[in-house]
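K.L.:
Attaching a single structure in structure tokens format; questions to follow.
No lab work stands behind these numbers, since they all come straight from the coordinates. Source: prediction; values computed, not measured. Cβ sites come from the backbone with ideal geometry, for glycine too, and all protein chains shown count toward neighbours.
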Amino acid sequence: MFPASFDYLPVRSVDEALAALAEHGTDARILAGGQSLIPAMRFRLARPAVLVDINPIAELAYLREADGALLIGAGTRDVAIERSATVAAGYRLVSDVAAVVADPVVRQSGTVVGGLCHNDPAGDWGVAALAGRAQIVVRGKAGTRTVSIDDFLVDSYTTAVADGELALEVRFPTPGQRTSGSYQKIERKVGDFATAAAAVQLTLGPDGTIVDAGVAIGAAGPKATRVVMAERLLIGSRPTTELLQSAAAEAEKISDPVADTRGDVDFKRAMARVLVQRALIATLERLHVGELR
Ligand SMILES: Cc1cc2nc3c(=O)[nH]c(=O)nc-3n(C[C@H](O)[C@H](O)[C@H](O)COP(=O)(O)OP(=O)(O)OC[C@H]3O[C@@H](n4cnc5c(N)ncnc54)[C@H](O)[C@@H]3O)c2cc1C
């Protein structure tokens, strides 16, 4: 199906984008990679009267480390993250996700920030952003604000980006030497959204105690979900097989998926547990923790 008719407005600067958003109000939508918005328009699930295309804003396409974080601009494609040596070396959780979002063709166009703004309940980036304690920089006419990912992901397809605002950047704090993570996803075939997904990031203290933990699950509710009880169990404990099982069980308890062609509710809830456990084990292996008691 063809989209309903719309005006196309390419912009060359953030100021121009904000002016266009201010002028057209709720009639306008930002166009980034177009990999979610254009299909939604073709199915008439979205009918923006004006598309504000931010692709010509060259200054938004960056991926760099600064101020203790990996900064990913709103123009940065998934493929740039997938191919980045900096990400591969220092951001294992981010690197894992970049390799499994959609398929290689979609990753050529899709952006991380667009994925977060779309906030699909089965999207990958929100899950990793929760575990990695990411922040999003948002700018509007009133100024620039930094929003924690927990506050950013409001509900299915709804974020903290208000009318007239543009998400500029996502920031993943740089993991220290004793921090690592893992992203685990089950999909029916390459390019599919997750049947279930889990992200973990752990920091170990000098004696091997877990001093920080981020645990999140996806395709398990209206939006990516932090498994708070798992984090509480892990922090302050030394990793053991029993601890990992108990933490993973917390994911199954709070998982609230919908039944669809990818699986029934019981299967998806069980997979939330299995994937959290796999992500915990993979993370500890990356931290060179030996065999667990
Ligand atoms: C075949 C296929 C398979 C896919 N599989 C997966 C998958 O497995 N996992 C997954 O996570 N995703 C998947 N996707 C979605 C894909 O990753 C999209 O690229 C992503 O969801 C949106 O990024 P985008 O840059 O294309 O955003 P767009 O489609 O351009 O925009 C999406 C939404 O975010 C808004 N938006 C975008 N950027 C900004 C901004 N800077 N500020 C404010 N609002 C903004 C837009 O207005 C729109 O509402 C798939 C898509 C396709 C077509």
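K.L.:
Order these by the 10 Å Cβ neighbour count, fewest first: I149, I254.
P.N.:
I254, I149
K.L.:
I would also like to ask the following. Scan the stretch 155-239 for trypsin sites (Lys or Arg not before Pro) in coil per DSSP, keeping those whose Cβ has at most 11 other Cβ atoms within 10 Å, and list them by number.
P.N.:
K189
K.L.:
For the pair A66/D150, report the inter-label distance in nm, with labels modelled 7 Å from Cα in the Cβ direction.
P.N.:
The answer from the label model is 2.7 nm.
K.L.:
Counting alpha carbon pairs within less than 8 Å and at least 6 residues apart, what relative contact order, in whole percent, applies to the chain?
P.N.:
In percent, rounded to a whole number, it is 15.
K.L.:
Rounded, prolate or oblate: which fits the stretch 17-104 when a ≥ b ≥ c are the square roots of the eigenvalues of the alpha-carbon gyration tensor, with rounded for a/c under 1.5 and prolate only if a/b beats b/c?
P.N.:
Oblate is the answer for the stretch 17-104, as a/c is 1.5 or above yet b/c matches or exceeds a/b.
K.L.:
Show me the trypsin sites (Lys or Arg not before Pro) within the stretch 28-110 that DSSP assigns to loop and that have at most 12 other Cβ atoms within 10 Å of their Cβ.
P.N.:
Listed in order of number, the matching sites are R44.
K.L.:
Still on this structure, please answer the following. Got a sec? How would Y91, Y157, Y8 order by Cβ neighbour count within 10 Å, fewest to most?
P.N.:
Y8, Y157, Y91
K.L.:
Let me ask you something else. Taking a virtual spin label 7 Å from the Cα of D266 along the C-beta vector, which residues in the stretch 181-200 bring their backbone nitrogen under 14 Å of it?
P.N.:
Answer for this model: none.
K.L.:
On alpha carbon coordinates alone, what is the Rg over Rh value for the chain, Rh being the Kirkwood radius?
P.N.:
Result: Rg/Rh = 0.98.
K.L.:
Still on this structure, please answer the following. Quick one: if the Förster radius is 41 Å, what FRET efficiency do S5 and D212 give, using the C-beta to C-beta distance and rounding to 0.05?
P.N.:
0.25
K.L.:
Fewest Cβ neighbours within 10 Å first, please rank I235, I57 accordingly.
P.N.:
I235, I57
K.L.:
In a shell of Cβ-Cβ distance under 11 Å around G208, excluding G208 itself, what net charge do Lys and Arg (+1) and Asp and Glu (-1) give?
P.N.:
Result for the local shell: +1.
K.L.:
Near T158, within a Cβ-to-Cβ distance under 15 Å, what is the net charge of the other residues, with Lys and Arg +1 and Asp and Glu -1?
P.N.:
My count for the surroundings of T158 gives -4.
K.L.:
Continuing with the same structure: Net charge within 11 Å of T179 by Cβ-Cβ distance, Lys/Arg positive one each and Asp/Glu negative one each, not counting T179 itself?
P.N.:
+3
K.L.:
When the helices in the chain are scored as -39500 (n - 2.57) per DSSP H run of 4 or longer and the sum is shared across all residues, what 222 nm value do you end up with, to the nearest 500 deg cm²/dmol?
P.N.:
So the calculated ellipticity at 222 nm is -9500 deg cm²/dmol.
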